[in-house]
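The values are calculated or read from the model by the stated rules, or taken from the named source; none is laboratory data. Because the structure is a prediction, the values reported are computed rather than measured. Please note: Cβ atoms are built from the backbone with ideal geometry, for glycine as well, and neighbour counts cover all protein chains shown. When the accessible area is computed, the model is the full protein with side chains, heavy atoms only, and any ligands, DNA or RNA have been set aside. Shrake-Rupley method; radii C 1.70, N 1.55, O 1.52, S 1.80 Å.
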Amino acid sequence: MKNKYIIAFLSLAVLFACEPKIDEFPSSAGTADFSKYIAIGNSLTAGFASQALSQEGQMYSFPNMLATKLKEVGMQGELKQPLIPLINEDDKGIGIGSDAQGNPVFHTKLKLGLVPDGSGGQTLSPVPYDVTVSSAELGAALLTSVAGDGPYNNLGVPGAKAGHLLFDKYGTYGAMHPVSGDPLFNPYYVRFASTPSTTILEEAMAQAPSFFTLWIGNNDVLGYATSGGAVDVLTDLTEFTTYMTAIINTLVSNGAKGAVANIPDVTSIPFFTTVPYNALLLDEATATALNTAYAALGITFSAGNNPFIIVDLAAPGEVRQMQEGELVLLSIPQADIKNPDIGLGSKTPIPSQYVLTAAEIQAIQTATAQFNDVISVLVNNKDIALVDMNTHLNTLKTGLLYDGISMNTTFITGGAFSLDGIHLNPRGNAVIANFFIDAINAKFNARVPKVNVTDYPGIKFP
Amino acid sequence: MRKLSSLMLVLLIAVTTVYAGGYQVRLQGQQQTTMGLIGTPLVFGSSGIFYNPGTLSFMETTYDFSAGVSILKSNATFQKDFTNYQAKTHNPLKPPFSAYGAYKINDKFAVGIGVYTPYGSTANWDDDWAGRMLVQNISLKAIYVQPTVSYKISEDMGIGIGLVYATGDVKLQRGLPYSDDSKVNLNGKTSSWGFNVGFYYKISDQLTFGASYRSKIKMKLENGDATFTIPQSLGALVPPSGTFNADLPMPANLDVGIAYKFDEKLTLAAEINYVFWSAYKSLDFTSTDVPVLNSSSPREYSNSLIMRIGGEYKLNDKITLRAGAYYDPSPTSDIYFSPETVSLNTIAFTFGATYDYSENLQFTVSYLQTNGMETSKSYAPANFSGKYQTVAYIPGFGIRYRF
């Protein structure tokens, strides 16, 4: 009899024993078909970060993050990306700059390092990841074709403008502009274009995507902005409209759905907001000396912070002080500012390529607004989602908070941008991926699970 | 037929729901544990020191010693909002214990001393989990020592009072946003004083009433150790170690219960516990040598009312079966819910048996299971939200010797 009670007691324990279980997120594709996903765009789509494209950056590209979630709602296969080769088994990354003569120079990605601060101490600053590897070696590695392993789902090409997606010389190695002699091809595309004359858009359409993301047009303003309005130009509105119309109409021509992101206000990114217009710090003696030197132009200095002196061909004497609201580019040689022999920004006026003047900022913002209007109209006429990245980046400017980690657009410490101050770091890309998911879910009545932002690394401090 | 119905009763009681919350652990007597953790209206010898000091003078023997330990296995699951991210705690087994000794000086007075662990909390999340900025792991334990005196006012009424000396020990590890493995470890010990009073009234041979009140004890951690693990290049930002002060309230409890003895075999009881959790407004850290530690994190707990029922059935001279259940509503806030204390509305059931080996020696086995109901909670200051669920399995064993 006793045993019966014991059995009854034990069976109760078994009856109620269960692990704490919560049902999985109920994902659904809604009205979209994610079976074949293709990402089209520029450096932001490619996973470019810290001045280079690297395997790590590609693994943390927003399309790759998005793909991990789209797989839960029907995406087939892997998101194939044209991975940058390792060099000596090391993921150094490959970026393209130019020397003083305008010839291309290949370099590695940046890392955060301790450098002398000029007054005996050390300061954290972005430094090249590896200075021992030669430009030639990096260039050869970049141009080694990986087309044979294609086709690729991530067709993001660093540097691409809207028109480049339609341009049949963009993947033709050696194609030069007949008049200017500038290269028309892009090594980042040459390496994976299936044939030299296949356009990026053709590359996409050949794979018959059922779903695409398109984020293009940034370089149509950014190229101008990062050259201080001095080298590149803003794309003409009519041309931009023609390109975007062709791109979007083609992408949806076979019934594909997609998400199109618009262009953020590039002047709010750290590349333009890190060095203040009045960061010229003077002592009494230097201020007095400069007052004498600039007396003829009526420019005065005082001890403490002063606006930089810049070149402005329209100003009397072709130099003037910066105004509040004007921007100094992160590319400015900062050591030359402190160097008393050069005195960049004081003795030596800052050349135009390192500064955005009020007029240039106005031109950039006007173009951005016009381009975004074009994108809005095109997207609203189709069954595709608009990702309002312009608004989102403005909210990032005031700060976003994820799981107790705050992010904003401050250089390095803001936690969202990579060390080049233009492109995002992995955590920033995760935020971008979620902006895409929000827009996709809203448009297609889908339930794509979001990326867990704080799973992804921010800036790595040594 | 009689036996069948008593088994049914046990089953019914077991499936009825009960609750408990915050970081309180009420496993202070194995016999009470078997019966839905009801203690105030029942005379269980020396373990009344915790549950109701007023019952002590009603002890049946001159000496009464009891001790018990439970094995607490608790875990929580978290599902982050809008994602398919889930995390689980990997909590170590915890052994809440109690030990009591009581001596009946004469017909009126009894004295006793108890050592028990009324508050404790453990949450071991993975170091890289999504809520790491709020907590990676925490271990909180308090040990109370309570000398007690009880006075029998009349043949049917008793009062008792105990002085509580409490020691507390907190270990908390939190992530820092500087790198994947940046963290701060906070470690503190403290002690404080409080009291416990109880009243016991035998209304009739069948009906008994009990009430007890345990005072709030404010644990003030002073000069706790803070140790930082951060990237070397940021050494100027935060020193490697420092000290901090913090307060943590152990809230007051008011317990009121009744028991009804139907016959020599069957007793049923009910109790309510009002827990003054609103004392826990925020978790504040202050530090003079590490300014970044200064913080006030809202918790905004509310008072809670726990409802318990339980029953006892004497099967024969040797074996007594008990079962109980309770509902413990969470005192936590919906928007200031920190995963350091995953306290949800909880339904619990208990059962167990006491075996009288001899007139003097008694063994008790108990089983308590608590089920936290799946709830959406957020910690708004960190924009951290999701669903939580908890389960705890708590088998226990007790021994009592009296003469």
*asked:* If each residue of separation counts as 0.36 nm, what is the full-extension length gain between A:MET176 and A:THR300 once their alpha-carbon separation is subtracted?
replied: 39.9 nm
*For the protein assembly as shown, what is the convex hull volume of the alpha-carbon atoms per residue, in Å³?*
195 Å³
*Pull out the extension gain between B:SER378 and B:LEU254, defined as 0.36 nm times the separation in residues minus the alpha carbon to alpha carbon distance; nm, one decimal.*
41.7 nm
*Which of the residues in region B:339-368 lose at least 30 Å² of accessible area when you go from the chain alone to all protein chains together (probe 1.4 Å)?*
B:PHE349, B:PHE351
*Ellipticity estimate at 222 nm from DSSP helix runs (n ≥ 4, -39,500 (n - 2.57)) divided over chain A, nearest 500*: -9500 deg cm²/dmol
_Rounded accessible area per residue of region B:2-402, 1.4 Å, Å²_ = 38 Å²
*With each label point set 7 Å from Cα along the Cα-Cβ vector, what nm distance links A:VAL377 and A:GLN122?*
5.6 nm
*Length released on extending from B:SER204 to B:LYS216, taking residue separation times 0.36 nm less the Cα-Cα span*: 1.0 nm
*Can you pull the one-decimal nm distance between simple spin-label points at A:LEU184 and A:ALA369, each 7 Å off the Cα toward Cβ?*
3.6 nm
*With axes computed from alpha carbons, what is the tilt in degrees of helix B:2-15 against the longest principal axis of chain B, rounded to the nearest 10 within 0 to 90?*
20 degrees
*D (Stokes-Einstein, µm²/s), Kirkwood Cα radius, region A:280-356, 0.890 mPa s at 25 °C*: 196 µm²/s
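If you roll a 1.4 Å probe over the protein assembly as shown with all protein chains in place, what percent of the accessible area is carbon or sulfur?
About 58 percent, which is the carbon plus sulfur part of the accessible surface.
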*Which FRET efficiency value, to the nearest 0.05, do you get for B:SER191 and A:ASP168 by plugging their Cβ-Cβ distance into 1/(1 + (r/R0)^6) with R0 = 56 Å?*
0.10
_Using square roots of five times the C-alpha gyration tensor eigenvalues, list the equivalent-ellipsoid semi-axes of region B:2-402 in whole Å, biggest first._
41, 23, 17
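Report the accessible surface area buried between chains B and A, summing both sides, using a 1.4 Å probe on protein heavy atoms only, in Å² rounded to the nearest 100.
Counting protein atoms only, the buried area is about 3700 Å².
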*Amide proton proximity set for B:ASN303, modelled H, under 5 Å, gap of 5+*: B:TRP277, B:SER278
*Which of the aspartates and glutamates could a cross-linker bridge to B:LYS73, judged by Cα under 15 Å and excluding same-chain residues fewer than eight apart?*
A:GLU19
*Can you grab the distance from the C-alpha centre of region B:135-198 to the C-alpha centre of region A:39-97, Å, no decimals?*
52 Å
*If you roll a 1.4 Å probe over the heavy atoms of the protein chains, what accessible area per residue do you get for chain A, in Å²?*
42 Å²
*Give me the aspartates and glutamates in straight-line cross-link reach of A:LYS460: C-alpha distance below 12 Å, same-chain residues under 8 apart excluded.*
B:ASP180, B:ASP181
*Efficiency by 1/(1 + (r/R0)^6): what FRET value for A:ALA315 and B:THR227, r their Cβ-Cβ distance, R0 = 35 Å, to the nearest 0.05?*
0.05
*From a point 7 Å beyond the Cα of B:GLU264 in the direction of its Cβ, which residues of region B:289-332 have a backbone N at a distance under 20 Å?*
B:312-322
*Considering protein heavy atoms only and a 1.4 Å probe radius, which residues within region B:174-198 exhibit an accessible-area decrease of no less than 20 Å² in the full assembly relative to the chain by itself?*
B:PRO177, B:TYR178, B:ASP180
*Considering only Cα-Cα distances, which of the following residue pairs are longer than 29 Å: A:LYS109/A:LYS443; A:LYS80/B:LYS183; A:LYS443/B:LYS387; A:LYS80/A:LYS161; A:LYS450/B:LYS141; A:LYS71/A:LYS382?*
A:LYS109/A:LYS443; A:LYS80/B:LYS183; A:LYS450/B:LYS141
*Between A:ASP336 and B:SER296, what is the label-to-label distance in nm when each label sits 7 Å out along the Cα-to-Cβ direction?*
5.1 nm
